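S.K.: Structure in structure tokens, see below.
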Amino acid sequence: MRRPLDPRLALGLLGLLWLAVAFGAPLLGSQKVALGEVFRDGTAATIFWQLRLPRVLLALLAGGALSTAGLGFQTLFRNPLAEPYTLGVAGGAALGAVLAVRFAEGAGAWGLPLVALASFAGALGATALVAGVAIRRKETETATLLLAGIGVSLSTSALILFVQYLANATQTFQMVRWMMGGLAVVGYREVLWVLPWTLFGLAVLLAGRWELNLLLAGEEIAASRGVDVPRLRFRVLLAVSLMIGALVAVAGPIGFVGLMVPHALRRLVGHDHLVLAPACLLGGGAFLALADLAARTVMAPADLPVGVLTALLGGPVFLLLLVLRRRRA
Amino acid sequence: MTERPAEPVLAARGLVRDEGRRTVLGPLDLEIAERECLAVVGPNGAGKTTLLRCLSGLRAATRGALFHRGRPYSALSRRELARRIAYVPQVRPAEVPLTVREVVLLGRFPYLARLQLAPSALDHRAVENALAAVGIEALAERPLDELSGGERQMAWIAAALAQESEVLILDEPTTHLDPRHQRDVAGLLLRLHRESGATIVLATHDLELAGLLGNRVLALSAGRAFALGAPGEVLAAGPLAVLFDAPFDAEISAPAARLRLAP
């Protein structure tokens, strides 16, 4: 087994990459912006500050949140293939968004469109339902939670199809576009909305660092070492769901990032959550911002939703991981 | 040789454990004295693992109560309990992406403050002591998944020792091990019991091991105490034939009870 990098070096390198992407990515695109023009008045400055920077910042946050959440789910369920949407979070969010498009088009509250708020509510509702079903059985089991998640996902998919059938063509188009997941139309408001939820999620993972490390050795071992496993599960589940719900509300579902990034970073920095969680926040953010840069440049001037791109990348990567795992075993 | 102080280290009073609608354990009364080694035997499904989980505090009593030195488990937090009782379960996850040292260090969790960034020198010393006690210092930096079954068992026992608890509870510590590793683990437990004065509870199908280690043997049948007493009394042909519903040809030789299923 390869030794992981020294944690400080690894986090330092990821931090540098994060900063490079944050400042570099807004300069690139269908129309290049020279560094010198950024601080002068003009179209270039407007493109940089108003259009691209918020989008890159949201991508950095979104990728970080998705990866950190993926890490949380993978440890919680001791399943390397779990990802933020395993528990029906995406399904619930999509159902909320679709209902808002169909029945309350254009409405909004607290500065956010109703679609966003409805999908936030949907994500949390789905998680609550799954957790509720699982907790009714006294000693919650990992398998029960996963199966409940699949059940909720199937139900929401069916309901989404039903709502789409009731909708007109324009609404259906909006719904499909929402479900592709993208960062095309964002401003600083969305960035500021996602930021606190993401930091809260990261803080909960870091505070539970020892407990999550123990969970790697199995639930029974963790419990016998003094971890209150049901409470830990509830805490992490809640934090991660809020983080993902808030993100999906403004960016739509963006798949596979939460699966791929923790996998790659584990090989780089090892398994200690104290290092791995911030590494996911930085590395996942840089990854998604670069993916979004590719999404808005490869087919320029067309602006591909980044969710489509990550899904296109993610499927083959997922299969490759499975094959490599099998070969190693 | 067995000392009998007035207050037992662990006690179960009227312990009953239901799983679903079925009673899998009890009612059972049990006292475990300081420095005692209690071996629990019985056929599959007799409630051995459930008893150990209850004694470890991993499962709550449905009725009755459990006590550590007179204090009910319900008055102790999970971490307080983990500082008093260490448990080595039988079923363990196949893929644990940690090295032996990391696994053993996790045993220090009940002593860590919630936001403590790094383990203290005291924790590291406890890890070294645990590795040395088990004799696996050389394996410390190896990933657990690369070890043989026997080495892995040693690592899990070291992880339990790092908890520095006065009671050690082990579920089938020698199952699935080859004869040499069975002997190694048995020798280790014997040493821990005789030299470090650990209080040990172990469940096993290996009647020889039960006779070798146990000061007393508890035979469970359908969740109840079928027999409880000295190894020579419980691990005799008569009670065993009834317990396992099979004829036994027992030859008890001190200190080990050598037993074989009759042909």
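The values are calculated or read from the model by the stated rules, or taken from the named source; none is laboratory data. All values reported here derive from a predicted model rather than from experimental measurement. Quick reminder, even Gly has a Cβ in these numbers, built from the backbone with ideal geometry, and neighbours come from all protein chains shown.
Condition check ((1) without any contact (Cβ under 8 Å) to a residue 12 or more places away in the chain; (2) crowded, with 24+ Cβ neighbours inside 10 Å; (3) away from chain B (no Cβ under 11 Å); (4) not hydroxyl-bearing (Ser, Thr, Tyr)) across all residues:
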position	(1), (2), (3), (4)
A:Ala184	no, no, yes, yes
A:Arg189	no, no, yes, yes
A:Gly201	no, yes, yes, yes
A:Glu219	no, no, no, yes
A:Val240	no, yes, yes, yes
A:Ala249	no, yes, yes, yes
A:Ile254	no, yes, yes, yes
A:Val261	no, yes, yes, yes
A:Pro278	no, no, yes, yes
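S.K.: Please name all residue pairs, on different chains or six or more residues apart, with Cβ atoms under 7 Å, provided the first residue is in the range B:89-103 and is surrounded by 15 or more Cβ atoms within 10 Å (Cβ to Cβ) and the second residue is part of a strand (DSSP E or B).
M.R.: B:Pro89/B:Asp171; B:Gln90/B:Asp171; B:Thr99/B:Pro143
S.K.: For B:Gly135, only one of the following conditions fails: (1) at positive phi; (2) within 16 Å of the chain's Cα centre (by Cα). What is its number?
M.R.: All conditions pass for B:Gly135, except number (2).
Yes/no per residue for (1) of a type in the set (D, E, K, R); (2) part of a helix (DSSP H, G or I); (3) at pLDDT 90 or above:
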residue	(1), (2), (3)
A:Ala20	no, yes, yes
A:Ala44	no, yes, no
A:Leu51	no, yes, no
A:Leu57	no, yes, yes
A:Gln74	no, yes, no
A:Pro80	no, no, no
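S.K.: Filter the range B:52-101 down to residues that are under 20 Å from the mean Cα position of the chain (by Cα), outside any helix (DSSP H, G or I) and of a type in the set (Ser, Thr, Tyr), then give me how many there are.
M.R.: Residues that pass the stated criteria total 1.
S.K.: Taking the stated definitions as given, is A:Arg177 on the phi < 0 side of the Ramachandran plot, within 14 Å of chain B (Cβ to nearest Cβ), assigned to a helix (DSSP H, G or I) and among the basic types (Lys, Arg)?
M.R.: Against the criterion (on the phi < 0 side of the Ramachandran plot, within 14 Å of chain B (Cβ to nearest Cβ), assigned to a helix (DSSP H, G or I) and among the basic types (Lys, Arg)), A:Arg177 does not qualify.
S.K.: Step by step: first the residues of the range B:154-186, then only those that are among the polar types (S, T, N, Q) and within 28 Å of B:Pro119 (Cβ to Cβ), then the one that is surrounded by the most Cβ atoms within 10 Å (Cβ to Cβ). Which residue is that?
M.R.: B:Gln163
S.K.: Which of the residues that make up the range B:102-115 are in a loop (DSSP other than H, G, I, E, B) and either touching a Lys or Arg at 6+ places or on another chain (Cβ under 9 Å) or within 8 Å of chain A (Cβ to nearest Cβ) (or both)?
M.R.: Those that are in a loop (DSSP other than H, G, I, E, B) and either touching a Lys or Arg at 6+ places or on another chain (Cβ under 9 Å) or within 8 Å of chain A (Cβ to nearest Cβ) (or both): B:Gly107, B:Arg108, B:Leu112, B:Arg114, B:Leu115.
S.K.: Sticking with this structure for a sec: Among the residues of the range A:223-237, are any free of Cβ contacts under 8 Å to residues at least 12 places away in the same chain, touching a strand residue (DSSP E or B) at 6+ places or on another chain (Cβ under 9 Å), farther than 25 Å from A:Leu304 by Cβ and assigned to a helix (DSSP H, G or I)?
M.R.: Yes: one or more hits.
S.K.: Among B:Gly70, B:Gly57, B:Gly45, which is facing chain A (nearest Cβ under 10 Å) and not polar (S, T, N, Q)?
M.R.: After applying the criteria, what remains is B:Gly57.
S.K.: Between A:Gln74, A:Gln31, which is touching a residue at least 12 places away in the same chain (Cβ under 8 Å) and surrounded by fewer than 16 Cβ atoms within 10 Å (Cβ to Cβ)?
M.R.: Going through A:Gln74, A:Gln31 in turn, just one is touching a residue at least 12 places away in the same chain (Cβ under 8 Å) and surrounded by fewer than 16 Cβ atoms within 10 Å (Cβ to Cβ): A:Gln31.
S.K.: Looking for whichever is more than 23 Å from A:Met299 (Cα to Cα) and in contact (Cβ under 8 Å) with a residue 12 or more places away in the chain here; the options are A:Gly36, A:Gly15, A:Gly42. Which one fits?
M.R.: Criteria check complete, one pass: A:Gly15.
S.K.: On to the next question. Output the number of the condition that B:Leu81 fails; it satisfies all remaining conditions of (1) more than 8 Å from chain A (Cβ to nearest Cβ); (2) surrounded by 15 or more Cβ atoms within 10 Å (Cβ to Cβ); (3) modelled with pLDDT of 90 or more.
M.R.: The number of the failed condition is (1).
S.K.: Here's a follow-up. So which residues in the range B:116-139 are more than 14 Å from chain A (Cβ to nearest Cβ) and either surrounded by 21 or more Cβ atoms within 10 Å (Cβ to Cβ) or in contact (Cβ under 8 Å) with a residue 24 or more places away in the chain (or both), if there are any at all?
M.R.: B:Asn129, B:Leu131, B:Ala133, B:Val134, B:Gly135, B:Ile136
S.K.: Would you mind finding the one in A:Ala65, A:Ala44, A:Ala94 that is over 24 Å from A:Gly218 (Cα atoms), aliphatic (A, V, I, L, M) and surrounded by fewer than 23 Cβ atoms within 10 Å (Cβ to Cβ)?
M.R.: A:Ala44 is the lone residue from the list that is over 24 Å from A:Gly218 (Cα atoms), aliphatic (A, V, I, L, M) and surrounded by fewer than 23 Cβ atoms within 10 Å (Cβ to Cβ).
For (1) of a type in the set (D, E, K, R); (2) modelled with pLDDT under 85; (3) closer than 30 Å to A:Gln31 by Cα; (4) loosely packed, with under 12 Cβ neighbours inside 10 Å, each residue gets a yes or a no:
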{"position": "A:Arg266", "(1), (2), (3), (4)": "yes, no, no, no"}
{"position": "A:Gly283", "(1), (2), (3), (4)": "no, no, yes, no"}
{"position": "A:Ala286", "(1), (2), (3), (4)": "no, no, yes, no"}
{"position": "A:Arg296", "(1), (2), (3), (4)": "yes, no, yes, no"}
{"position": "A:Val306", "(1), (2), (3), (4)": "no, no, yes, no"}
{"position": "A:Ala329", "(1), (2), (3), (4)": "no, yes, no, yes"}
